[in-house]
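Values in this text are rule-based calculations from the coordinates and carry no lab data. Quantities reported herein were computed from a predicted structural model and do not represent experimental measurements. Backbone-built Cβ (ideal geometry, glycine too); neighbour counts: all protein chains shown.
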């Protein structure tokens, strides 16, 4: 640093204080009254955390007048937390307009105050801000020193606060940028990914924008152009969400540079023009120079040499004025190429020499070796700390092993006992369920083979014999014997095909119809899409409903007796069976005094429901039974039983 610059650095804080003191009284009149009240309220409470201040002053952090006022009032009342906060805000503002010496002065003062306060959050923040400024100045060694110190402090905190977590992300991001300077792109990506994970967890849109851009830059340097463009565009999305003009400038320049690499100059040109326009608006000299460089490069590639020269020289002038070394390196390179195209070989050689000289100065071997050594040292220290932590954890594990071993043995024994108890309970439940099923089947068999039905059927056949109606007697005797055989066979099976069930019910209706002189018209309709041979139903499940239809609905009716059984497909999981009679209806039937039959038939329906419930356990869907009373002009005209039986088996078998 020159003597002149050294003196300037010493005098600058004093000069700024003088300016503030002289302007505060006059400018406070122009400050927003609400802001002054906010400052007075904060100074009365004097909160100690960065987060508390940031929640109040975040919207005005870029307003230098308001931040200067906060510095002045905080200093007056010895409120160092507020003064430190405002100084860092001012430092960030000066950095963004490329006034790096002013930025360093502000952040250095903030760091000193944070250390006086022993405020770790503010100290880490101030160190990181200084590192960012030096990185923008291409002072890699100083930048690395500050970021490493910030990261060491942050890592030392056992329970880092939200702000410290944000600072860790900033440090990791900056370390990644330093790896970029060393052209260690894989190591840089590793740091950016670590930082990105923190920002995702904190949902910090600014951090997400910065890390996506940096990942894009590292991928661009590795030649992964398409992936780089994706990350730049994602960064632009986040910058648009937080309405960051400086973020847009950075993304526009990077996206434009990708299109330049792809030689798509027509697409790149308007994007770079946007970048230049916004860079001038935010007055960031670093990105103004970058925008002029990219604009000049496009014009150079398009052989628009005069306009290219103008823009490249503008970039060089700004770079020299603000000591932007990386921008100067690029400007020398492009100007060398331009002079070569114009035939000015001497000019081209001069710029090329300047380019090589400055690049060697910036990345000389000693500087890179220093940075490499420091990074290796940092990584070694971090790994040693991790080894120590693992050793401590190992000791704790050893102390707990004996207790854990006893606990494990007791847990295994307890688990084994619980498993035995659960098995016994499950087996008992299975046995109870099996007993219930057997009981239901026995009740069902008794219900189908009740003496009244057998006696009445045989008595009807006997009348045919007495009346010498041999053919009818033989016909119905065959039907009766076949029905009894089917009932006995069905009673040994839990389920049969719907085809067998319908056949058995046809036999049953034939036998029952004897006593009604075959007056009951029994009809069965099966929808053509239904294959009754593969659909399973509980055996003899339809008999109680047909019996009820005959004896409750049709037995007291004089003529025109009908029972219509219909089988349809309700949906892919059910088959629907409709049993419709045109009898007297349920209300009229209840008035007939036949308590014994009612009790028997009611029990039969209850058994049928229990059997259906047990049958449905092995299916995805349950059964559904619905009884519908039919009316004709308000008068009872019969009953319809709707039975929806599930057909899709469940993968889970329930005992």
Exercise. Any idea how far apart residue 360 and residue 243 come out in nm if each label point goes 7 Å out from Cα toward Cβ?
Worked result: 5.1 nm
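Note the full-extension length gain between residue 637 and residue 162 as 0.36 nm times their separation in residues minus their Cα-Cα distance, in nm to one decimal. Mind dumping the intermediate values first?
Details: separation 475, 0.36 × 475 = 171.00 nm, distance 7.77 nm.
So the chain would gain 163.2 nm between residue 637 and residue 162.
Under 8 Å for C-alpha pairs, at least 6 residues apart: give me the relative contact order for the stretch 493-646, rounded to a whole percent. Kindly include the intermediate steps, with their values, before the conclusion.
Working: 245 pairs, mean separation 36.3, N = 154.
With pairs under 8 Å counted, the relative contact order is 24 percent.
State the Kirkwood hydrodynamic radius of the stretch 137-287 in Å, one decimal place, computed from all pairs of distinct Cα atoms.
Numbers: mean 1/r = 0.0623 Å⁻¹.
This gives a value of 16.1 Å.
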Exercise. How far apart, in nm, are the 7 Å Cα→Cβ label points at residue 588 and residue 117?
Worked result: 9.5 nm
Problem set entry | Inter-probe distance in nm under a simple model that places probes 7 Å from Cα toward Cβ, at residue 470 and residue 405 | 9.6 nm
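Report Rg(Cα)/(2.2 N^0.38 Å) for the stretch 493-646, keeping two decimals.
Here the Cα radius of gyration is 1.04 times the empirical estimate.
Computed over the Cα atoms of the stretch 121-179, what is the convex hull's projected area averaged over all directions, in nm²? Spell out each step's value before the answer.
On the way: hull surface 13.3 nm².
Approximately 3.3 nm², given one-decimal rounding.
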Problem set entry | Cut-off 19 Å (backbone N to label point 7 Å along Cα→Cβ of residue 222), residues of the stretch 150-179 | 172-179
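At 0.36 nm per residue, minus the direct Cα-Cα distance, what do residue 52 and residue 281 gain on full extension? Give it in nm, one decimal, please. Spell out each step's value before the answer.
Values: separation 229, 0.36 × 229 = 82.44 nm, distance 3.08 nm.
Separation in residues times 0.36 nm, less the Cα-Cα distance, equals 79.4 nm.
With r as the distance between the Cβ atoms of residue 427 and residue 515 and R0 = 51 Å, compute the FRET efficiency 1/(1 + (r/R0)^6) and round to 0.05.
Values: r = 48 Å, r/R0 = 0.95.
Result of the calculation: an efficiency of 0.60.
Place the peptides 545-553, 209-217 in order of packing, highest mean first, counting for every residue the other Cβ atoms within 10 Å and averaging per peptide. Don't skip to the end; give the middle numbers.
Working: 545-553: 22.4, 209-217: 24.8.
My ranking of the peptides, most packed first, is 209-217, 545-553.
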